[in-house]
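These notes are about the structure you will find just below.
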Amino acid sequence: DADTEPFVVLAERMGSLVQQTVGNHPLNKLDVSYCGGLAGKGTKLLTVTAVVGYLKNVIGGANIINALPVAKSKGIEITESSSEVSKDYASVIEMKFTSEGVTHSIRGTVIGGQNRLVGFDAFSFDIPFYGHMMFVGYEDAPGVIGIVGNNLGKAGINVGQMSVGRSGKMAMMFLTVDRQVPAELVSKIASEVGTDDIRSVRFLE
């Protein structure tokens, strides 16, 4: 479908981000919502592709044929919804996912052929969605961006782009980096910032 084809890669990466966010905790429910121009289109393949993105990090050999049966066998409830309303972008995919009673949401879009991550929970931002990335959720305070940047710089990890979303007293920072941030460095940054809401994630081409 010409309307949905540009969003296939985005859907898979969003599914992968869901898995990398929940980590080793089981996914109980995934609701994929299509907003704006995608509403009412043939989005079933996008939903299946999102499930493939999630499962690839879990079982390896996931594809559009086995994704839904495998998800069902793992007790994951998959739902799909749509809304013609999209506040900031022409078309947005939103994924709400629940793991062990905790629900999060992520939002993505495609602009000029480029996949963009534009929201996580209550935080809005706009950053390219590919390669190696890191996100940090923290209590909004001066100096946090410096802590993250200094640690990455000392490790020789170059930051490509950064986008920060703020909501109330909290903030979330997403960064694109030129290589994966090692687990020990993630732990060091988490300790210095005072947060456990931090992940190093990657999206292979």
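What pairs come up if the first residue lies in segment 123-150 and is part of a strand (DSSP E or B), the second is modelled with pLDDT under 95 and of a type in the set (Phe, Trp, Tyr), and their beta carbons are under 9 Å apart, counting only those six or more places apart or on different chains?
That search, which allows pairs on different chains as well, returns 131/203; 132/203; 133/203.
Please determine, by comparing only the residues of segment 88-97 that are more than 11 Å from residue 26 (Cα to Cα) and touching a residue at least 60 places away in the same chain (Cβ under 8 Å), which one is surrounded by the fewest Cβ atoms within 10 Å (Cβ to Cβ).
Going through segment 88-97, the residues more than 11 Å from residue 26 (Cα to Cα) turn out to be 88-96.
Narrowing further to those that are touching a residue at least 60 places away in the same chain (Cβ under 8 Å): 91, 93-96.
On the way: 91: 21, 93: 25, 94: 20, 95: 22, 96: 18.
Filtering first and then ranking leaves 96.
Residues in segment 63-100 that are under 21 Å from residue 40 (Cβ atoms) and not in a strand (DSSP E or B): how many? Show your work before the answer.
Looking only at segment 63-100, we keep the residues that are under 21 Å from residue 40 (Cβ atoms), and these are 78-96.
Still in the list and also not in a strand (DSSP E or B): 84-90.
Final tally of qualifying residues: 7.
Mind listing whichever residues of segment 27-58 are at pLDDT below 95, aliphatic (A, V, I, L, M) and touching a strand residue (DSSP E or B) at 6+ places or on another chain (Cβ under 8 Å)?
38, 39
For the subset of segment 54-75 comprising residues that are under 20 Å from residue 100 (Cα atoms) and touching a Leu at 6+ places or on another chain (Cβ under 8 Å), which member is surrounded by the most Cβ atoms within 10 Å (Cβ to Cβ)?
Ranking the candidates gives 54 first.
Going through segment 27-64 one residue at a time, which ones are out of contact with any helix residue (DSSP H, G or I) (no Cβ under 9 Å at 6 or more places or on another chain) and of a type in the set (A, V, I, L, M)?
39
For residue 108, are the conditions met, namely being in a strand (DSSP E or B), in contact with a Gly (Cβ under 9 Å, 6 or more places away or on another chain) and not acidic (Asp, Glu)? Reasoning before the result, please.
Details: in a strand (DSSP E or B): yes; in contact with a Gly (Cβ under 9 Å, 6 or more places away or on another chain): yes; not acidic (Asp, Glu): yes.
Against the criterion (in a strand (DSSP E or B), in contact with a Gly (Cβ under 9 Å, 6 or more places away or on another chain) and not acidic (Asp, Glu)), residue 108 qualifies.
Since residue 183 meets every condition but one in (1) in the same structural domain as residue 34 (by TED's automatic domain parsing); (2) at pLDDT 95 or above; (3) surrounded by fewer than 14 Cβ atoms within 10 Å (Cβ to Cβ); (4) among the hydrophobic types (A, V, I, L, M, F, W, C), which condition does it not meet?
Unmet condition: (1).
Looking at segment 1-26, which of its residues are modelled with pLDDT of 95 or more and in contact with a helix residue (DSSP H, G or I) (Cβ under 7 Å, 6 or more places away or on another chain)?
Matches in segment 1-26: 7, 8, 11, 12, 13, 14, 15, 16, 18, 19.
Taking the options 165, 153, 137, name whichever one is outside the structural domain of residue 54 (by TED's automatic domain parsing) and within 22 Å of residue 25 (Cα to Cα). Let's see the steps before the verdict.
On the way: 165 fails: within 22 Å of residue 25 (Cα to Cα); 153 fails: within 22 Å of residue 25 (Cα to Cα).
Testing whether each residue is outside the structural domain of residue 54 (by TED's automatic domain parsing) and within 22 Å of residue 25 (Cα to Cα) leaves just 137.
Only one of these is closer than 22 Å to residue 5 by Cβ and surrounded by fewer than 20 Cβ atoms within 10 Å (Cβ to Cβ): 100, 84. Name it.
84 is the lone residue from the list that is closer than 22 Å to residue 5 by Cβ and surrounded by fewer than 20 Cβ atoms within 10 Å (Cβ to Cβ).
Which residue is nearest to residue 121 (Cα to Cα), if the candidates are limited to segment 151-205 and must be without any contact (Cβ under 8 Å) to a residue 12 or more places away in the chain and of a type in the set (Asp, Glu)?
Looking at residues that are without any contact (Cβ under 8 Å) to a residue 12 or more places away in the chain and of a type in the set (Asp, Glu), I get 196.
For segment 14-48, name all the residues that are more than 22 Å from residue 135 (Cβ to Cβ) and without any contact (Cβ under 8 Å) to a residue 40 or more places away in the chain.
43, 44, 47, 48
Restricting the search to segment 20-45, which residues are farther than 21 Å from residue 87 by Cα and not basic (Lys, Arg)?
Taking segment 20-45 as the starting set, the residues that turn out to be farther than 21 Å from residue 87 by Cα are 20-30, 42, 44-45.
Once the filter is applied, which keeps residues that are farther than 21 Å from residue 87 by Cα and not basic (Lys, Arg), segment 20-45 yields 20, 21, 22, 23, 24, 25, 26, 27, 28, 30, 42, 45.
The values are calculated or read from the model by the stated rules, or taken from the named source; none is laboratory data. Predicted, not measured: the structure shown is a model, and the values here were computed from it. As a convention, Cβ positions derive from the backbone with ideal geometry for all residues, glycine included, and neighbour counts pool all protein chains shown.
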